[in-house]
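Here is the structure we will look at.
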Amino acid sequence: IFSDVYNGTVTFLPLEEDSEGRCLIKKGNIYQIQLKHLKDEEWSVSLVAPFPEDWFADGIAYPKLAWLGNELLPKLAKWSVEQKLSEFKSTLSLISIAKYSKLYQDLKEKYKEMVKVWPEVTDPEKFVYEDVAIATYLLILWEEERKEKGLTKKQSFVDLGCGNGLLVHILNNEGHSGRGIDVRRRKIWDMYGPETHLEESTIMPGDSHLFPDTDWLIGNHSDELTPWIPVIAARSSYSCCYFVLPCCFFDFCGKYRRRQSKKTQYREYLDFVAQVGFVCGFHVEEDCLRIPSTKRVSLIGRKRTYPPTEYALIDKQITQFINNRQACAVVMCGRSVGFNHNDHCDGVCEEAGPELPEDESETSGTVWMPGFQPREKVEQIRNCASLPRDFVDDVVLSVANLLLNATPQKSCSDMQGGNTNTWNQGESLSLKEVAEHLNKETLKRLKSEYGGLQTLLKNSHQVFEVLNGRVHIRDWRKEKPSSKTKPEVNRRLAADAFKTRLCWFFIHHPDGCSLPSESCPYAHGTEELRQSQIIKKKKHI
């Protein structure tokens, strides 16, 4: 990186090693950021790539030019003139940024192959590089802790709600003994090997889930366990520390309920989790991580605010705080006029709330909150994909008939060879108008799915188009033909899917299909059906 302050330019020259270890400049990927003074207080920032025709993008080390121009450049301009005070700490305020940057690049290079073999349905680039960044942060934090305390042995850890387990895998590989625990096993666990220690188990906050021999507890997007992690750390041992990266908003019992309108929901929740740490006797520190996520503020408890002799007092304080939150949740749920009690308390407040322990310090051999509900072991698919085929077909036919009959006839003319053919395209209706015409049982069934009616209609891509909250009959004559620049894999998959499903319009539309058989991607009758040649994603990887 060459910085020319006088001329207001920063030039980036990518270096790559050849087979003999010599560093060569990758000429096609050189770019420069320029700052120019126009007049008075007007400035411009621009980005120049001198050899755009030779630019190489792999989505890992080299971004796309379009991203540099359309995403990075506007952000640079915005950041340059922003003066608002952030409600969060500056990024990486607790560690050395120089050490972090070097280690992050090393680990990113070391684990980048994970992107290519990622078997989960989640975005590999986001999750791999986010976990690499979190691992980098923890490794630097722990290294500095060892220097401060004069330790030689690397810290041990337990990751509660470890998910895909990649963070555990990296920390194990980098010499830290530890394990990850999650209620549900992931496919990628099988790829790590025996050196990565992962357990499929349900964690119930209580005396049976303490970790007295563990140095650090980690909660990386740990959902319902997030507020419990400071409590588990405090009760595990006086030396146990914790790191949490809150994401979804959970209280000790069900979803977190807002109490202050002057703060953002995210800021309010962070303050709540920090408050839990303070009550547990931790000196809570806050830091912003450098990760591709909007929820990137971490809370760290690595020092106590009390001497070991006062543990019993702190433990009683913790129990009282939890019980007060529990009682408050019951009262608030009871005051929610016009709302379903179970919806707002996740169905646990009635069970947990009416009777609090007489002796608040009595936690021996118990679960700390009987109403606590961990995540379900089997992840429910609620995107309408699991609905019975007959039910989906009936809804699709009902909505299509509703649109077709909404007006006397809305036709489209199609000039082909001099002949004018009319095809009823129907009317467009809002999702609300469509819902009003469906019976109560159908709507009730759809509401149990994420997205409900809208998701079902979007899933029925062949028949409907949902734009800006309005539902239209899809006219396949208006669909853009496959671009010649479309990636080869996508073109091959589209070709493999051709004529593997029946054309809904050919069977159900009063005017039939708007396309001739040879142009329609769907089969006009069973005699045209082909067997699907699409390779499953896992096999393709």
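The values are calculated or read from the model by the stated rules, or taken from the named source; none is laboratory data. Note that this is a predicted model, so its numbers are computed, not measured. Here the Cβ positions follow ideal geometry from the backbone for every residue, glycine too, while neighbour counts run over all protein chains shown. Accessible surface is based on the protein model in full, side chains and every heavy atom, while ligands, DNA and RNA are left aside. Shrake-Rupley method; radii C 1.70, N 1.55, O 1.52, S 1.80 Å.
Checked against (1) closer than 30 Å to I188 by Cβ; (2) modelled with pLDDT of 90 or more, K538 passes all but a single condition, namely (2). For segment 268-299, enumerate the residues that are within 22 Å of the chain's Cα centre (by Cα) and assigned to a strand (DSSP E or B). Once the filter is applied, which keeps residues that are within 22 Å of the chain's Cα centre (by Cα) and assigned to a strand (DSSP E or B), segment 268-299 yields E286, D287, C288, V297, S298, L299. List pairs: first residue in segment 86-109 and under 12 Å from R290 (Cβ atoms), second residue among the small types (G, A, S) anywhere in the structure, Cβ distance under 7 angstrom, at least six positions apart or on different chains. Filtered contacts from segment 86-109: Y104/A133. Within segment 406-418, one or more residues are surrounded by 13 or more Cβ atoms within 10 Å (Cβ to Cβ) and either under 14 Å from F464 (Cα atoms) or modelled with pLDDT of 65 or more (or both). Here L217 meets the list (1) open to solvent by less than 10 Å² (accessible area, probe 1.4 Å); (2) assigned to a loop (DSSP other than H, G, I, E, B) almost entirely, failing just condition (2). Within segment 300-311, the set of residues being touching a residue at least 12 places away in the same chain (Cβ under 8 Å), more than 22 Å from L139 (Cα to Cα) and outside any helix (DSSP H, G or I) comprises T305, Y306. The residue of segment 243-288 that is modelled with the highest pLDDT, among those that are among the β-branched types (V, I, T) and farther than 25 Å from A135 by Cβ, is V279.
Summed over segment 38-47, residues that are without any contact (Cβ under 8 Å) to a residue 24 or more places away in the chain, at negative phi and open to solvent by 60 Å² or more (accessible area, probe 1.4 Å) total 4.
Pairs meeting the criteria (first residue in segment 139-160 and surrounded by fewer than 20 Cβ atoms within 10 Å (Cβ to Cβ), second residue outside any loop (DSSP other than H, G, I, E, B) and of a type in the set (G, A, S), beta carbons under 8 Å, at least 6 apart or on different chains) are S156/G178.
Yes or no: segment 223-230 includes at least one residue that is touching a Ser or Thr at 6+ places or on another chain (Cβ under 8 Å) and touching a residue at least 40 places away in the same chain (Cβ under 8 Å). Yes - at least one qualifying residue is present in segment 223-230.
Candidates A66, A57: the one that is without any contact (Cβ under 8 Å) to a residue 60 or more places away in the chain, within 32 Å of the chain's Cα centre (by Cα), exposed (fewer than 11 other Cβ atoms within 10 Å of the Cβ) and not assigned by the TED database to the domain that holds A135 is A66.
Evaluated against (1) open to solvent by 30 Å² or more (accessible area, probe 1.4 Å); (2) modelled with pLDDT under 90, K499 falls short on exactly one condition, (1). Apart from one condition, K303 fits all of (1) among the charged types (D, E, K, R); (2) touching a strand residue (DSSP E or B) at 6+ places or on another chain (Cβ under 9 Å); (3) crowded, with 16+ Cβ neighbours inside 10 Å; the exception is (3). Residues that are over 30 Å from the mean Cα position of the chain (by Cα) and in a helix (DSSP H, G or I) within segment 443-478 comprise W476, R477, K478, listed in sequence order. Pairing each residue of segment 1-13 that is more than 23 Å from L24 (Cβ to Cβ) with any residue that is surrounded by 11 or more Cβ atoms within 10 Å (Cβ to Cβ), provided the two are 6+ apart or on different chains, yields C-beta distances under 6 Å for G8/L35.
If you go through segment 421-430 and keep only what is at pLDDT 90 or above and either farther than 16 Å from N405 by Cβ or of a type in the set (A, V, I, L, M) (or both), you end up with L429, S430.
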